[in-house]
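The values are calculated or read from the model by the stated rules, or taken from the named source; none is laboratory data. Quick caveat: nothing in here was measured; it's all calculated off a predicted structure. Every residue, glycine as well, gets a Cβ built from its backbone with ideal geometry; the counts of neighbours run over all protein chains shown. For the accessible areas, the whole protein counts, side chains as well, though only heavy atoms, and no ligand, DNA or RNA atoms are used. Shrake-Rupley method; radii C 1.70, N 1.55, O 1.52, S 1.80 Å.
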Amino acid sequence: MRQLWTIVGFDLRQRLRDKSILIFGIAVPLALMGVLNLLLGGFDESPELEPVTVAASVPADDPLAPTIVDVLTGLDVMDVTVKDMPADEVDDYVADGDAAVGITVDDGFAQTVSTGRQARVEIIEGDSSGLEADVVISVVQGTVDQLTAGVVATVAGSAEGLSPDELATVGRTAATPSDHIALIEGQASNEQLSTKGTLVAGQTGLFLLFTVGFGVLALLAEREQGTMARLQSMPMRRSTVVLAKSLTGFLLGVFATSFLLTVGSLLFGVDFGDVLAVAVLIVTAVAAATSLTFIVARVARTAEQANVMQSIVAVVLGMAGGAFFPIPATGLAATIIDVNPIAAFIRGLGITSGGGDLADLGTPLSIMVGFAVVCLLVSRVIPDRAATT
Amino acid sequence: MSAKTISNTRLDHPAAGAYVLEVQSLVRRFGDLTAVDDVSFRIAAGETYGLLGPNGAGKTTTISMVAGLISPDAGSVVVAGQTMDPKKVEVKGNIGLVPQDLAIYPDLTARENLRYFGRLQRIGRDALDRRIDEVLDLIGLSDRAGDLTKEYSGGMKRRLNIGIGLLHQPSLLILDEPTVGVDPQSRNAILESVEALSVEGMAVLYTTHYMEEAERLCDRIGIIDEGRIQAEGSRDHLVRLTGGVDHIRLSGSGDIEAAAQALRALPEIEQVDADRRMLMLTVHDAPTAVARVVTTATEAGVSLSDVEITRPDLESVFLHLTGKALRD
């Protein structure tokens, strides 16, 4: 045991001495987080909606149709300017780019709705319209649906012989959004990180795979520089050397991951939530990543080969896991992505960031532990190519 | 090949039980290749044993099994009374290994290298500090102990490589071609260090393909080729095993035939060949016989212009045993 820690202490000092952990485990990922944050800054999760102009042709004498545009001008989330014009000018106005959306309501809108037939409201979206146009269209669609519901309810009440006061109440109730459902803004463990949160978690997960690789690189370097024979001739178990190198990679991984998440959250204003849950996620993710290095150590003959393999694995798992941006996938592809430890790590941080605690981390933790077990088993059965060199 | 195997024969056998290393019928195969084939030898305390053979003869594979780096397919290794097994920890503490490749960390100083490996040898802190100073003194690196080893010359690195193997004062020191790539001055320093070890009572297993080193250092030599010990014994014993004899060549003028007749009468002379100006004598011990030979030839009427002695060396022994030169 004492010899194990002697080797670990020696390796940790070596990594600090050659500054490799500081450069590749800390500085580079932080720099990449900064650059990507600048690049992806436009994808902020709370964008400001710009003022928008709507070209509208609405029959003024219709008892219901003007409500459609009145709702738009009363929106709190953005300023909407409605330009009234004849129906035959709406298309050109929108085509010229003077309005983002054009709305044309046919004459007899109220009459058509009250008879249960389909009323026609034509909406035209401009070529260069953005998110604001989508909001306008959604509001118009919702308003039409509510008006239709109110009118249909009133007509049905009349057929049942309700009094005029009762009919008015039924109509208002049907046309008014229900107040029995309260929309309360809060936090839930929805597994979705913010853009910046994904950036910090993704880059941390990606570089974790590089950091734990220092252990296996040290192991192969011992073989290349001839010191492995001497280490194996020492009065200690042969497995002590391999264990020590893995432990070194593990400790470096825990340190670098904790540091990056802490600094990243401070720099980019991300809250990853419950500290204990995050700590468990870090340890499990590092264990999963370290287990992968056992396979690399068996397959690679030289430190250079291990470096290349480690880089390929890191980039593939990192990208597939959403280190740069989420990968939309369904079916088998989604399942494959789900068993990726980086994806599980990011998913776990999404849960804790959304308010989840240790009890909510069953799935991502299971994935990472399962990944580690499979990697260790695989590393036991594949031949050690470096040892046969 | 024309090699012939001569059974293990030793001179000056140590008493039974006094052996630090006992290697018995070691076999190691790599696929279809049998790298080590039924190798046996023993080394007593204070004895330096040389494994002499060309590259690829099986020397490094043999010492890898002795040091517990790899397991033999058959046979056994006993070090200081304990059977070697790569999984056994304690027995390895009796061995100091000096690998053929430099096994030092270039970014550490000599003292740091020694301290690191000393801790892995489980030497206590105070004892380690004392021992490091002793070893640095022994290998002549005390004044450079604080320098990074990457700044050392090849010879200095080799000396440190040996020093690390000596650090824990093992019963058996294994040196695998320790002078490869070393300048003559450093080489001599290394050989002097090894000579001093046997004086201290340490058993030394020394592999080399340099005949001169084996002759200078080793009490006994095992000549190994193609994984087998071809012959074993002291230098003189090996020479005799191969029927090796010395030659004295006399050049001069006068009555050559009369001198030949007189020399044939001497008991130490085995054979005399003569031509018009030269006599070629076959003797068992030329240095002892040469004075009497010269006197006899002169008294027989030959005026000598040149006397040359030729003795067989390990190179010729190897050639005799394997049919090929040692450096092939």
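Quick notes on this one:
- First in region B:90-118 and at the interface with chain A (Cβ under 7 Å from one of its Cβ atoms), second anywhere and open to solvent by 10 Å² or more (accessible area, probe 1.4 Å) and β-branched (Val, Ile, Thr), Cβ under 8 Å, 6 or more apart: B:Tyr116/A:Thr6
- Test: residue in region A:363-370 that is modelled with pLDDT under 85 and assigned by TED's automatic domain parsing to the domain that holds A:Leu261: no
- Filter pass, A:Ala372 being open to solvent by 70 Å² or more (accessible area, probe 1.4 Å) and not polar (S, T, N, Q): no
- Here region B:250-299 is the region considered, the condition is being acidic (Asp, Glu) and assigned to a helix (DSSP H, G or I), and the residue that is surrounded by the fewest Cβ atoms within 10 Å (Cβ to Cβ) is B:Glu299.
- Residue within region A:5-15 that is away from chain B (no Cβ under 14 Å) and surrounded by 11 or more Cβ atoms within 10 Å (Cβ to Cβ) present: no
- Per-region count, region B:110-128, residues open to solvent by 40 Å² or more (accessible area, probe 1.4 Å) and in contact with a helix residue (DSSP H, G or I) (Cβ under 8 Å, 6 or more places away or on another chain): 4
- Qualifying residue in region B:139-153 (condition: among the aromatic types (Phe, Trp, Tyr), more than 8 Å from every other protein chain (Cβ to nearest Cβ) and outside any helix (DSSP H, G or I)): yes
Yes or no, residue by residue, for (1) open to solvent by less than 30 Å² (accessible area, probe 1.4 Å); (2) away from chain B (no Cβ under 14 Å); (3) of a type outside the set (Lys, Arg):
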position	(1), (2), (3)
A:Arg223	no, no, no
A:Arg237	no, no, no
A:Thr240	yes, no, yes
A:Ser246	yes, yes, yes
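- Pairs where the first residue, in region A:203-215, is more than 14 Å from A:Ile295 (Cα to Cα) and the second is among the hydroxyl-bearing types (Ser, Thr, Tyr) and open to solvent by less than 10 Å² (accessible area, probe 1.4 Å), C-beta under 6 Å, 6+ apart: A:Thr204/A:Thr257; A:Leu208/A:Thr257
- Exactly one residue among A:Phe294, A:Phe324 is open to solvent by 40 Å² or more (accessible area, probe 1.4 Å) and either outside any helix (DSSP H, G or I) or not hydrophobic (A, V, I, L, M, F, W, C) (or both), and that residue is A:Phe324.
- Condition check for A:Gly97: touching a residue at least 24 places away in the same chain (Cβ under 8 Å) and exposed (fewer than 13 other Cβ atoms within 10 Å of the Cβ): yes
- Any hit, region A:40-63, residues being more than 14 Å from chain B (Cβ to nearest Cβ) and within 30 Å of A:Phe250 (Cα to Cα): no
- Residue check for A:Thr302: modelled with pLDDT under 85, over 21 Å from A:Ile26 (Cβ atoms), assigned by TED's automatic domain parsing to the domain that holds A:Ile342 and of a type in the set (S, T, N, Q): yes
- Conditions (1) modelled with pLDDT of 80 or more; (2) within 14 Å of chain B (Cβ to nearest Cβ); (3) over 33 Å from the mean Cα position of the chain (by Cα); number of the one not met by A:Met1: (1)
- Test result for A:Thr195, within 44 Å of the chain's Cα centre (by Cα) and within 14 Å of chain B (Cβ to nearest Cβ): no
- Considering region B:214-249, and only residues there that are in a helix (DSSP H, G or I) and among the charged types (D, E, K, R), the residue that is surrounded by the fewest Cβ atoms within 10 Å (Cβ to Cβ) turns out to be B:Asp236.
- Total residues in region B:142-171 satisfying the condition of being without any contact (Cβ under 8 Å) to a residue 40 or more places away in the chain and surrounded by 22 or more Cβ atoms within 10 Å (Cβ to Cβ): the figure is 1.
- Residue check, B:Ile174 open to solvent by less than 60 Å² (accessible area, probe 1.4 Å), touching a residue at least 40 places away in the same chain (Cβ under 8 Å) and within 14 Å of another protein chain (Cβ to nearest Cβ): yes
- Residue in region A:20-39 that is over 20 Å from A:Ile124 (Cβ atoms) and within 14 Å of chain B (Cβ to nearest Cβ) present: yes
- Among the residues of region A:83-133, those that are part of a loop (DSSP other than H, G, I, E, B) and aliphatic (A, V, I, L, M) comprise A:Met85, A:Ala99, A:Ala100, A:Ala119.
- Scoring A:Thr67 on the criteria (1) crowded, with 16+ Cβ neighbours inside 10 Å; (2) in a strand (DSSP E or B) leaves a single failure, condition (2).
- Criterion: modelled with pLDDT of 90 or more and closer than 28 Å to B:Tyr206 by Cβ - qualifying residue of B:Gly252, B:Gly233, B:Gly243: B:Gly233
- Any hit, region A:43-64, residues being among the β-branched types (Val, Ile, Thr), assigned to a helix (DSSP H, G or I), at pLDDT 85 or above and open to solvent by 30 Å² or more (accessible area, probe 1.4 Å): no
- Sole exception among (1) more than 39 Å from the chain's Cα centre (by Cα); (2) more than 9 Å from every other protein chain (Cβ to nearest Cβ); (3) open to solvent by 20 Å² or more (accessible area, probe 1.4 Å) for A:Phe250, by number: (1)
- Single residue of A:Ala218, A:Ala201, A:Ala229 found to be within 9 Å of chain B (Cβ to nearest Cβ), in contact with a helix residue (DSSP H, G or I) (Cβ under 9 Å, 6 or more places away or on another chain) and part of a helix (DSSP H, G or I): A:Ala229
- Residue-level check: of (1) over 12 Å from the mean Cα position of the chain (by Cα); (2) assigned to a helix (DSSP H, G or I), B:Val194 misses just (1).
- For region B:62-77, the tally of residues that are open to solvent by less than 30 Å² (accessible area, probe 1.4 Å) and more than 11 Å from every other protein chain (Cβ to nearest Cβ) stands at 3.
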